[in-house]
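Only one structure is covered here, and it is reproduced in the block below.
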Amino acid sequence: MITTEEGIRSMLGKGERTILECKKAAREVPKSVWETYSSFANTYGGFIFLGVEEIRDRQSAPKYQILGVESSDKVIKDFWNTVNSDKVSANILTDDDVLPVPTSEGDVVVFRIPRADYTMRPVYINGNPIKGTYKRNYEGDYHCSEQEVRMMIRDAFGDGNDGLILEGYGMEDIDLPTLERYRILFKTDHQDHVWNSLDNKEFLLQIG
């Protein structure tokens, strides 16, 4: 979890847009937070920073300005009230996943959204999985197609063997050429993702 101003500025400097969303929020939780909550939960997880403005122009990469929020306690309380309501299909967070982080410009509210377990996907909003399920592509939140939603539902309730734990196997049993091809495809789709620097074993652990 990111708990310091230095940690926030470090992540902003890296521009990890696949797993980072910044929103300018002064007094309340922006409505678009819930689309990002759904997309991170259904894809690879990520962080949401409230109180940070993303400045864009066509000539250069996005820049970030920390503004802070005026009442972090109120924003956090409002968030918990909503995430525990019927706004979202599942609350996958713990208390440690939502923290106010003091900075020289004011508090930044940091949300760590994990990837939801496959048995809980799709994570959707507004009570409608077909219209309210999102995924993360590079730096944006996009509606999942009906086919993608039905695939997640099938995987969550299917009777296949993908979730079985196989004992007595290790990394030496992994087909490395296949894994390397997968990692190339992953890196092509997610060039800035922090998992690209991991070794094979840690990478496999992170993707579940």
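The values are calculated or read from the model by the stated rules, or taken from the named source; none is laboratory data. Source: prediction; values computed, not measured. So basically every Cβ, Gly included, is an ideal-geometry build from the backbone, and we count neighbours across all protein chains shown. Calculation scope for accessible area: heavy atoms of the full protein, side chains included, ligands and nucleic acids excluded. Shrake-Rupley method; radii C 1.70, N 1.55, O 1.52, S 1.80 Å.
A few comments on the model shown:
- Inside the range 17-41, residues that are more than 19 Å from VAL69 (Cβ to Cβ) and open to solvent by less than 20 Å² (accessible area, probe 1.4 Å) make up a count of 6.
- Scanning the range 167-205 for residues being under 25 Å from PHE47 (Cα atoms) and assigned to a helix (DSSP H, G or I) gives a total of 18.
- Filter pass, GLU54 being under 30 Å from ALA156 (Cβ atoms), among the charged types (D, E, K, R) and modelled with pLDDT under 90: no
- The one condition from (1) closer than 30 Å to ARG9 by Cα; (2) out of contact with any Cys (no Cβ under 6 Å at 6 or more places or on another chain); (3) of a type in the set (Lys, Arg) that LYS135 does not meet is (2).
- Only residues that are in contact with a Gly (Cβ under 9 Å, 6 or more places away or on another chain), surrounded by 14 or more Cβ atoms within 10 Å (Cβ to Cβ) and farther than 15 Å from PHE49 by Cα were counted in the range 83-116, giving 5.
- The set of residues from the range 91-130 being small (Gly, Ala, Ser) and more than 23 Å from GLU6 (Cα to Cα) comprises ALA116, GLY127.
- Tabulated pairs, the range 182-206, first open to solvent by 100 Å² or more (accessible area, probe 1.4 Å), second aliphatic (A, V, I, L, M), C-beta under 9 angstrom, 6+ apart or interchain: LYS201/MET171; LYS201/ILE174; LEU205/LEU198
- Between TYR134, TYR138, TYR142, the distinction of being under 18 Å from ILE19 (Cβ atoms), aromatic (Phe, Trp, Tyr), open to solvent by less than 30 Å² (accessible area, probe 1.4 Å) and touching a Ser or Thr at 6+ places or on another chain (Cβ under 9 Å) belongs to TYR134 only.
- Selected residue [of a type outside the set (A, V, I, L, M, F, W, C) and assigned to a loop (DSSP other than H, G, I, E, B)] from GLU54, GLU35, GLU21, GLU28: GLU28
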